[in-house]
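Please see the structure below; I have some questions.
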Amino acid sequence: MDLQLNNKTVLVSGSTTGIGYAIAKGFAKEGATVYVNGRSEKGVNDALNRIKNEIGSADVMGIVADLTTEEGFEYLIQQVPTLDILINNLGIYEPVNFFESSDKDWLKMFDVNVLSGIRLTRFYMPNMLTNNWGRVLFISSESAIQIPTEMIHYGMSKTAQLSIANGLAQLTKGTGVTVNSILPGPTFSEGVERFIGNLAEQKSLTPKEVEQEFFAQTRPLSLLQRFITPDEVASATLYVSSPWAAATNGAAIRVDGGILKGIH
């Protein structure tokens, strides 16, 4: 299917690795003009080189900016004044015992996972409404609904993204702009790959055996019973960003491997 994205300009925040990188690469494959964002020049350049080596003539550029700061935000919007598609992917996670967590832990999680997307959407969405076309997506998580007890503050930030996206969608009534959320489940990012590799070494198991053990013991509700790939999350994101998904607005799209039960 032609997703009709070859004339669109896209920014993917936090896109040098993992899901963000897969999304940026997917847009580049579809012929969009893509801005890759990260905090370090090396990380951004490495991501650009990987995309160009894989795709060849990709129209992809890098913006080195820390979007958790006003300075980074101001620099980015000077470089990229308008967009067709905004993917709010920047995010962190960090296991912290609730009773030992500090205000600083909670504020950091909110600032990175929530406020960075608010800043970008507040700037780019008005022009989308004026142009009568645009896409805003928040890359949330199944943890927005199934709150992880080992990092409740992370779950809070992901739930907040759902609320923001749904509220913003109400502002698009009668226009060609949509605002949605994507809810990935356990995904095989670089960090997870390292974790599984280290655990396999410690237990004298193969990475595949560790993965099977993880889903049997820790994520037994998963229907997929394996880690989701970043490319699988990217595929859903690209479709929802396309003109074909005009009727999907204010939605939380699950790419969770069936880990969430019930109808949401």
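Rule-based calculations on the coordinates, nothing more; no lab input. Since the model is a prediction, treat every value here as computed from it, not as a measurement. In this analysis, Cβ positions are derived from the backbone assuming ideal geometry, glycine residues included, and neighbour counts consider all displayed protein chains.
Could you identify which residue out of S116, S222, S181 has the top mean-square fluctuation in a GNM of the chain using Cα springs shorter than 10 Å?
Among S116, S222, S181, the largest mean-square fluctuation in the Gaussian network model of the chain belongs to S222.
From zero up to wherever the largest Cα-Cα distance of the chain sits, split into 5 Å bins and tell me the percent of pairs in each.
Pair shares across the bins are 1, 6, 13, 17, 19, 18, 13, 8, 4, 1, 0, 0.
Placing +1 at every Lys and Arg Cβ and -1 at every Asp and Glu Cβ, with all other atoms neutral, what dipole size does segment 87-144 have around its Cα centre, in debye to the nearest 20?
So the dipole magnitude of segment 87-144 works out to roughly 400 debye.
Something else: How big is the dipole moment of segment 191-264 about its Cα centre under a simple scheme where the beta carbon of each Lys and Arg is +1, that of each Asp and Glu is -1, and everything else is neutral? Debye, nearest 20, please.
Dipole about the Cα centre, nearest 20: 200 debye.
Given a Förster distance of 45 Å, report the FRET efficiency between T218 and E71 from their Cβ-Cβ distance, rounded to the nearest 0.05.
That pair, T218 with E71, gives E of 0.70.
Calculate how steeply helix 152-170 sits against the longest principal axis of the alpha-carbon atoms of the chain, using the helix alpha-carbon long axis, and give the answer as 0 to 90 degrees to the nearest 10.
Result, in degrees: 30.
Might you report the magnitude of the Cβ-based charge dipole of the chain about its Cα centre, with Lys and Arg at +1 and Asp and Glu at -1, to the nearest 20 debye?
560 debye
Here's another thing I want to ask about it. Taking R0 as 30 Å, what FRET efficiency do you get between W106 and K208 from their Cβ-Cβ distance, rounded to the nearest 0.05?
0.25
Students often forget the sequence filter, so: which lysines lie under 27 Å Cα-Cα from K25 once same-chain residues fewer than 8 apart are removed?
K8, K42, K52, K158, K208
Cβ under 15 Å from I139's Cβ, I139 left aside: what net charge do those residues give with Lys, Arg +1 and Asp, Glu -1?
Once positives and negatives cancel, what remains is 0.
What distance in nm lies between label points placed 7 Å from Cα along the C-beta direction at T130 and M61?
My value for the distance between the label points is 1.9 nm.
Right, next: Using a simple spin-label model with points 7 Å from Cα along the Cα→Cβ vector, what separation in nm is obtained for M1 and F99?
About 4.9 nm, to one decimal.
Within 10 Å of each candidate Cβ there may be at most 13 other Cβ atoms; applying that plus a DSSP loop requirement, which chymotrypsin sites (Phe, Trp or Tyr not before Pro) in segment 169-256 survive?
Passing sites in segment 169-256 do not exist.
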